[in-house]
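The values are calculated or read from the model by the stated rules, or taken from the named source; none is laboratory data. These numbers were taken from a predicted model, which means no experiment stands behind them. Backbone-built Cβ (ideal geometry, glycine too); neighbour counts: all protein chains shown. Remember, those area values only see protein heavy atoms, side chains included, never the ligands or the DNA or RNA. Shrake-Rupley method; radii C 1.70, N 1.55, O 1.52, S 1.80 Å.
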Amino acid sequence: MRRKLVVGNWKMFGRLARNQALLEGVAAGVRDLRNTDCAVCVPYPYLAQAQALLQGSNVAWGAQNMSHHEEGAYTGEVAAGMLVEFGCKYVILGHSERRGLYHESDETVAMKFDAALKAGLQPILCVGETLAEREAGITEEIVARQLDEVVNRAGVKALEKAVVAYEPVWAIGTGKTASPDQAQAVHAFIRQRVAKLDGQVAQGLCILYGGSVKAANAAELFSMADIDGGLIGGASLVAEDFVAICRAGK
Ligand code: 13P
């Protein structure tokens, strides 16, 4: 049985005072939780706050992006080594908002993935199709392309230290969740694709679902065979909701 993992993606939300209440609320709410790992990925300026408040708790923390460069003249960028200094365990890479709004290519995402692993971070690789792609019947093609680029560069064994998140773009922030069967089908596809290269890696791979996960639908999604937890946007900004989602995994 794979352990469940629930990760909050705060996106560009947060203020010091609010964060404190949220982080303390989440840490308290999952203190006794044993069967699920929990984490929050906060904006860069709040990593120190997350580190100070979550140290010693059941909640890990991470970032939402990083540069693939180790250091250098890259104004405005943040390196993996910097995230490590603030105790990050995870870094989200290739989120659809990065791919769509900031034109990150599959190749860039793969380079970041490599750099994250080399620094000792656990990348959460996001993949997923747009509504137009789903309607055109090319969901699997898109997800395979996004996944293959990373596997070809880093090797399939790299997935032992990584997490994959399936986030259909049409379900993000829209209130429109993929049905458990729709999500399960893509999760199974991802696992089978990895299994063609390495059965053991595929079996152990943690595949999260993201896209309008709420306290009300989390348990059903997480009960599917290949859904190992969630990557949570909006609902991760309300302690009570996020804690309920963390507790929804059996
Ligand atoms: P929502 O949960 O707000 O739909 O966001 C999902 C997401 O993008 C998490 O990374």
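In the condition set (1) free of Cβ contacts under 8 Å to residues at least 12 places away in the same chain; (2) under 17 Å from the mean Cα position of the chain (by Cα), T177 is compliant with all but (1).
Flag: D37 does not match the condition of being among the acidic types (D, E), away from the ligand (no atom under 16 Å from the Cβ) and more than 20 Å from E240 (Cβ to Cβ). Of G155, G128, all but one fail to be within 13 Å of the chain's Cα centre (by Cα) and either on the phi > 0 side of the Ramachandran plot or among the aromatic types (F, W, Y) (or both); the exception is G128. Looking only at residues in the range 213-250 that are modelled with pLDDT of 95 or more and away from the ligand (no atom under 16 Å from the Cβ), the one that is surrounded by the fewest Cβ atoms within 10 Å (Cβ to Cβ) is A225.
Meeting the requirement of 1 or more residues that are open to solvent by less than 10 Å² (accessible area, probe 1.4 Å), the helices (runs of 4 or more DSSP H) wholly within the range 128-212 are 139-154, 180-195, 199-204. Annotation note: Cβ proximity below 6 Å between a residue of the range 188-216 that is in contact (Cβ under 8 Å) with a residue 60 or more places away in the chain and a residue that is among the acidic types (D, E) (sequence gap 6+ or interchain) occurs for C206/D228; G210/E167; G211/E167. Among the candidates G128, G175, the residue that is modelled with pLDDT of 95 or more, within 16 Å of the ligand (Cβ to nearest atom) and within 19 Å of N9 (Cα to Cα) is uniquely G128.
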